Amino acid sequence: MLTAIDIVRARSSAIESDLNGTLDTAITAAMREVGLGGGTRKNVEMRVRDYLNARIDRGWNYTSVNEDIARVDENNLRFEWRPDGSVTVHGLLPATIKHVNGPTAYGIRLYSASSPRFERLKYVAERVAKQAENENLNELERKLNENYAAEGLHITLTLSPDNAVEVRVEDTFGAKAIIG
């Protein structure tokens, strides 16, 4: 019986780890996919749930252990968005992981905190536009590019014919640019 308990514990941990890895990947993929299409946070949340449900639907092939894991919905996965576009996602999925000899584990805990790429370009552009109102644009652009280089952002400041500051923030890691 102790061996069965250890097996259930190990399988439960492996499934939880797999789903948390899927969650990390799903957030990144959904942010990129939705961001390139100009979507919203709600679109990101729906895509993340779709990715997780696709993984749950494939199931796991463990001998001597049967798993029954509920699909993800808006009630068991919570998204906490921050102003810079980063998100923390956590939830508890109803689940039963049962060994053929009886020992059972219940529930799968999900958690992920993403890097702030989604909406990050917009946030930086808005912040820089406010900062550029009474500054020397060339000097400010140089300082901003030094500050944001490690994040993979390149900023270009120009003065439009009507004396408004135009801010262009480019993601040098591959996403599209935001012009504000």
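The values are calculated or read from the model by the stated rules, or taken from the named source; none is laboratory data. Just so it is clear, the model here is predicted, and its values are computed rather than measured. All Cβ positions, glycine included, derive from the backbone under ideal geometry; neighbour counts span all protein chains shown. These accessible areas exclude ligands, DNA and RNA; they are computed on the full protein's heavy atoms, side chains included. Shrake-Rupley method; radii C 1.70, N 1.55, O 1.52, S 1.80 Å.
Observations, loosely collected:
- Tally of residues being in contact (Cβ under 8 Å) with a residue 40 or more places away in the chain, under 16 Å from Asp18 (Cβ atoms) and outside any strand (DSSP E or B) across region 53-76: 2
- Among the residues of region 1-19, those identified as in a helix (DSSP H, G or I) and surrounded by fewer than 16 Cβ atoms within 10 Å (Cβ to Cβ) are Leu2, Thr3, Ile5, Asp6, Arg9, Ala10, Ser13, Ala14, Ser17, Asp18.
- Checking Thr88, Thr104, Thr40, Thr28 one by one, the residue that is closer than 30 Å to Glu126 by Cα and in contact (Cβ under 8 Å) with a residue 60 or more places away in the chain is Thr28 and no other.
- The residues on offer are Asn66, Asn53, and the sole one that is among the polar types (S, T, N, Q) and open to solvent by less than 70 Å² (accessible area, probe 1.4 Å) is Asn53.
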